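The values are calculated or read from the model by the stated rules, or taken from the named source; none is laboratory data. What you see is a predicted model, and the numbers here were worked out from it, not measured in a lab. Every residue, glycine as well, gets a Cβ built from its backbone with ideal geometry; the counts of neighbours run over all protein chains shown. Accessible surface is based on the protein model in full, side chains and every heavy atom, while ligands, DNA and RNA are left aside. Shrake-Rupley method; radii C 1.70, N 1.55, O 1.52, S 1.80 Å.
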Amino acid sequence: SSGVIIEQFTLNFTITNLMFTTDLQTPNSRKFRSTEKIMKHYIDPLLQKSSIGPHFTGCKVTGFRSGRHRDDTRVDAVCSYKDNANLARFDREKLYQELSTMTNNVTKLGHYSLDRSSLYVDG
């Protein structure tokens, strides 16, 4: 057998009510770690409920960046899934639509508000 291939895609979005601070830029800072945990707590269940759910193996926040406004924080994440014969193909558009629907048209992620035009899924 060919074994399991782990594929990755990037996920980006902007939170409009999380003030960006320099310690968010520092991986392993307390603020970075706690915010990363919160993001995983919100993002992972969405992906588990999506069409790639059975193949999904988790997301890792790669960074936080300042957005256009003071209260904007841009979230960059890399997510992984097992690519195998059961997954027809990674459908970026479909996943985008699913995430959009699950975040109330890219407006809500838990108690955070999202910038509607900020969601990117790139596989």
| task | Count, please, the residues in region 63-112 that happen to be without any contact (Cβ under 8 Å) to a residue 12 or more places away in the chain and open to solvent by less than 60 Å² (accessible area, probe 1.4 Å). | result | 1
| field | Residues within region 70-86 that are closer than 23 Å to Asn17 by Cβ and part of a loop (DSSP other than H, G, I, E, B), tallied | value | 3
| remark: Going through region 3-31 in order, the residues found to be closer than 19 Å to Leu109 by Cα, in contact with a helix residue (DSSP H, G or I) (Cβ under 6 Å, 6 or more places away or on another chain) and open to solvent by less than 40 Å² (accessible area, probe 1.4 Å) are Leu24
| request: Pick out the one residue from Lys40, Lys60 that is in a strand (DSSP E or B), of a type in the set (D, E, K, R), without any contact (Cβ under 8 Å) to a residue 60 or more places away in the chain and open to solvent by 60 Å² or more (accessible area, probe 1.4 Å). | output: Lys60
| Within region 81-111, considering residues that are more than 15 Å from the chain's Cα centre (by Cα) and of a type in the set (Gly, Ala, Ser), the one nearest to Met39 (Cα to Cα) | Ala88
